[in-house]
Structures are given as structure tokens and as C-alpha cells.
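Chemist: Below is a structure I'd like to ask you about.
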2 protein chains.
Amino acid sequence: MITRIVRVIETFSEDRTSQTVSDIGRRAGLPPSTAHRLVGELVANGMLERDDEHRVRLGLRLWELALRGSTAHRLREVALPHMERVQSAIREHTQLAVLERDEALCLEKLSHPRAGANIARVAGRLPLHASSSGLVLLAHADPRLRERLLAAPLRRVGPETITDPAHLRRTLIEIRRFGRAIAPGSIEEVSTGVAVPLRRAGAVVAALSVVLPREHPPEAALEVLVRAARGIEGDLRSERR
Amino acid sequence: MITRIVRVIETFSEDRTSQTVSDIGRRAGLPPSTAHRLVGELVANGMLERDDEHRVRLGLRLWELALRGSTAHRLREVALPHMERVQSAIREHTQLAVLERDEALCLEKLSHPRAGANIARVAGRLPLHASSSGLVLLAHADPRLRERLLAAPLRRVGPETITDPAHLRRTLIEIRRFGRAIAPGSIEEVSTGVAVPLRRAGAVVAALSVVLPREHPPEAALEVLVRAARGIEGDLRSERR
């Protein structure tokens, strides 16, 4: 039952915020009668909503419940003022990401109106081996996840994505040693990702990053990022929750 | 079944991001065995997560699914750059809220580090008759909602909350006529809320607001808000989705 509900909710995406019940059923692999009943119950509970054209959308109540008590949302709330400070200094893209099922999940992103190329989206995912925040998360992940990822083919995302396992292994050691990842051209040729880890109680819980135009040197941004990371870690320590 | 799942998720809040299974069961009004089975299934589907101390949290996967395809999230993404512009001009609190079940639900909030008092929180709620964004949403709501609210007792939230129905009715007419709500002291004595409507396809879909220290005149903020609202409305029109 819960699996079916999740499958229904999974049929919605950034590019598909409204659907007919039959489309939902087809995409979730449910018989039409099951889809109708399930959507009806989800609408009755506010998890889905019907619009004027009888199409179905994700409910505001679902959004509210999923955010209100979530640790991801808390982390984002604590990080945001510091991200705004990074953003006002660097004026490109400032991002916060966490590890979720072998990928980097973007919790927040601030972008300057005239910032350069960047594919990241809030609630979107980036591959661990190709994004600077993913590399930071991977460098500090459970060694079993690291070995599993190093054993599988490493997809080439950008012109300079690290696809050789030995090279990636050396890079992860450097990231742990120097406390930052710098990834030029690993997603897009014209951009460089710069990321640092965020720690809570000693463990890396997230990565804070900026995406710069390739021609910008990363050092100044790195200094701002490190200062912001210390600020967020301080605020996380003083949290009661 | 769906109602039970919703009741489990509802037990989490900003002040309660992690709980034991028995606490969840008790708060959701479920027998212990049902709570254990349900939490187990929700964990298996990533909707909940267990932490190191075997306490339960809302899952990152739930956060991701609830945001990714939601129209609330899309609206927030479109509004954010404009909110950042308001914020850089006003440097207090800038907020985006929508109507959800007789209350104003806050979708986004940017706050200056040294901004004044403000109780709003992202994914938090404000009463329609007491907050400036709530007043804007109420002024443009379905007349049946307005009449229902005017017929019920109006709770005094701040020293100047409008609690007289006839006064509230006149205020709502003015808000529709002048295209803005100005609410000094209606939530907190020291603050004034200033809000304007956001329209999509002619209908008011959200309210954009700032919260100012009481001693600041609202006119300059209002001008900035109106400009931002026009910008957001333009971006909403040019959206394909």
C-alpha cells in the first residue's frame, strides 16, 4: 500500500506538476480502478489536489508536512543566512547538498540573476563523482558506498568528469586531506564547482558549494565558503534540536 | 490507511524532528503494533528514516518527492530571485504565502540577520485575519470562505488585530481597492506587515509581503513589493508549466 502511494507521488516531477488520473495510473503501473480509488483517498487527505480542469497536483498539505518537521528543512534554515552571505560576496550560485541514496540531493540553491551555467535544482540530484558537492560527500561517505561506486562504471557527465577509478580514488584522498573539492569542467565545460564539507558532531552531514565561471580563480570563493561552513557548524552546535 | 500515514507524518513538527516509535504511535492515536508496522513500512520506502539512536525522522526521500513536482515549490522558485531583490532593498523580512485551509501557509521567508520581530516560519501558518499576507489572501478568497471566517470569532493575535467583523469587512474592501494590505501591530506590537497580491491568469495565487519595524513608513517598501510582484507575475506568465 505505502509502496503504491509512493509510486503515485513519484509520477510528479519538475516538468510534470499536473496530470490526469489515468496518466498517473499508467505511469505508476496501477490498474485504472486502483489509481482512481488511491488518488481519491489522497485528495481527501490533502496529499493531492484537483485543479479546475480535473487534473491532479501534489497537495500543499503534503509540501507542508514533508517540510515542517524535516531535518533537511532545519539544516536548510540554519544554512540559509550563511548562504546569503556567500552569495552576496560571490554573486554566482551557492548550493547546499546532502547524500541521499548514492547521489547528492540539492537542499537549497541561490543564484545571481546574471550567474553562469549550472544544472543544479532544489530537490534535484547530482552524481556524486561529477559534482564538487558530490565529491565532498563521497570522500566522507561510508567506505562501502565509496567502494561500490568505484567498482561501477563512472559516467562521463562533463568534458572533465573523472571516469577512471584510480584517479577518483586519489582525488577523494586529496579532498579529505585539503578539506575541499575543486571540480573544473566536471559537469559543464564552462563552470568550476568548489565545495567544502559541513560537519555536525564530527560527521560530515552536507556539502556547501559555489559554481563559478571557469575563468574565475577558486581561491577567493573557497575562503568565503570555509568561513560560511564554520558559521553554519557553529549554529548547528548551538541548536537545541 | 492513508489517513493513518498522514497522522504519523503529522506527529513531526519544527520542534519535534525525531521521535521514538512508541511516541509516534501515542501521538497518532495508533495501537503500538500498528505504529511499529506502519513506521517499518514507511522506513522501507524512505518516507521515514531511523537515526543512530533508533529514533525516527522524516525521510529525505519524502522531502524530495513532496517538493520536486509541487506547484508550491515552482512558485517559490519563480518568486525567489524577486524576493532577494526586495530583501536587498528593504533588509528586513520578505515572505511568500498561499492560502491553505483557512490559513496563510508561508512558502518562503528571507530575513536579514539584524531584522526586527517576526513569527513567520517556512512551512508555518499565520491566521488570515491577523497577518498582512493573510488579509490579502482573504480579501481575494472565495466569498464563502470570507463569510465563514467573518461569522466565526476573530482571535486577537496582536494588540491591533482586527477582531470586529464589520471592521474586517471594510478592511478587506480597501485591500481589494488599493491592491495592498498594511497591518501595523496586528501580530506583534513592534512590527507592521505590508503585503500585495500575486496573480496568475487573473486569479490571486499568493501574497508577497515584508515585515517592517513599526517606526518605518510602509510606502517605500510597498513600492518595492509592487515592482517585485509585477516581476513574479511576468515570470509566471512566461512559464511553460
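Chemist: Out of the residues in the range A:48-59 that are within 24 Å of B:Ala120 (Cβ to Cβ) and crowded, with 22+ Cβ neighbours inside 10 Å, which is nearest to the other protein chains (Cβ to nearest Cβ)?
Modeler: Only one residue tops the list, namely A:Leu58.
Chemist: Kindly indicate whether any position in the range A:162-175 is among the acidic types (Asp, Glu) and free of Cβ contacts under 8 Å to residues at least 40 places away in the same chain.
Modeler: Yes, the range A:162-175 has at least one match.
Chemist: Answer yes if at least one residue in the range B:14-25 is crowded, with 16+ Cβ neighbours inside 10 Å and at the interface with another protein chain (Cβ under 7 Å from one of its Cβ atoms), and no otherwise.
Modeler: Step one: list which residues in the range B:14-25 are crowded, with 16+ Cβ neighbours inside 10 Å, which gives B:14, B:17-19, B:21, B:24-25.
If we keep only those that are at the interface with another protein chain (Cβ under 7 Å from one of its Cβ atoms) as well, we get B:14, B:17.
Yes, the range B:14-25 contains a residue that is crowded, with 16+ Cβ neighbours inside 10 Å and at the interface with another protein chain (Cβ under 7 Å from one of its Cβ atoms).
Chemist: In the range A:75-100, how many residues are surrounded by fewer than 24 Cβ atoms within 10 Å (Cβ to Cβ) and within 12 Å of B:Leu60 (Cα to Cα)?
Modeler: Total meeting the criteria: 4.
Residue-by-condition table, conditions (1) charged (D, E, K, R); (2) at negative phi; (3) surrounded by fewer than 24 Cβ atoms within 10 Å (Cβ to Cβ); (4) out of contact with any Pro (no Cβ under 6 Å at 6 or more places or on another chain):
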{"residue": "B:Asp102", "(1), (2), (3), (4)": "yes, no, yes, yes"}
{"residue": "B:Ala117", "(1), (2), (3), (4)": "no, yes, yes, yes"}
{"residue": "B:Gly124", "(1), (2), (3), (4)": "no, yes, yes, yes"}
{"residue": "B:Ser132", "(1), (2), (3), (4)": "no, yes, no, yes"}
{"residue": "B:Ala141", "(1), (2), (3), (4)": "no, yes, yes, yes"}
{"residue": "B:Leu145", "(1), (2), (3), (4)": "no, yes, yes, yes"}
{"residue": "B:Leu149", "(1), (2), (3), (4)": "no, yes, yes, yes"}
{"residue": "B:Pro153", "(1), (2), (3), (4)": "no, yes, yes, yes"}
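Chemist: Out of (1) in contact with a Leu (Cβ under 7 Å, 6 or more places away or on another chain); (2) crowded, with 20+ Cβ neighbours inside 10 Å, the odd one out for A:Arg200 is which?
Modeler: Failed condition: (2).
Here is a yes/no grid of residues against (1) within 14 Å of A:Met1 (Cβ to Cβ); (2) facing another protein chain (nearest Cβ under 8 Å); (3) in contact (Cβ under 8 Å) with a residue 60 or more places away in the chain; (4) of a type in the set (Lys, Arg):
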position: B:Val6; (1), (2), (3), (4): yes, yes, no, no
position: B:Glu10; (1), (2), (3), (4): no, yes, no, no
position: B:His36; (1), (2), (3), (4): no, no, no, no
position: B:Val43; (1), (2), (3), (4): no, no, no, no
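Chemist: Give the residues of the range A:60-109 that are at the interface with chain B (Cβ under 7 Å from one of its Cβ atoms) and hydrophobic (A, V, I, L, M, F, W, C), sorted by residue number.
Modeler: Of everything in the range A:60-109, those that are at the interface with chain B (Cβ under 7 Å from one of its Cβ atoms) and hydrophobic (A, V, I, L, M, F, W, C) turn out to be A:Leu60, A:Leu62, A:Trp63, A:Leu65, A:Ala66, A:Leu67, A:Ala72, A:Val98, A:Leu105.
Chemist: Sticking with this one: Return the residues of the range A:148-194 that are closer than 16 Å to A:Leu126 by Cβ and small (Gly, Ala, Ser); say none if nothing qualifies.
Modeler: A:Gly158, A:Ala181, A:Ala183, A:Gly185, A:Ser186, A:Ser191, A:Gly193, listed by residue number.
Values in this text are rule-based calculations from the coordinates and carry no lab data. All of these numbers come straight from a predicted model, not from anything done at the bench. Note that each Cβ is placed from the backbone with ideal geometry, even for glycine, and that neighbours are counted across all protein chains shown.
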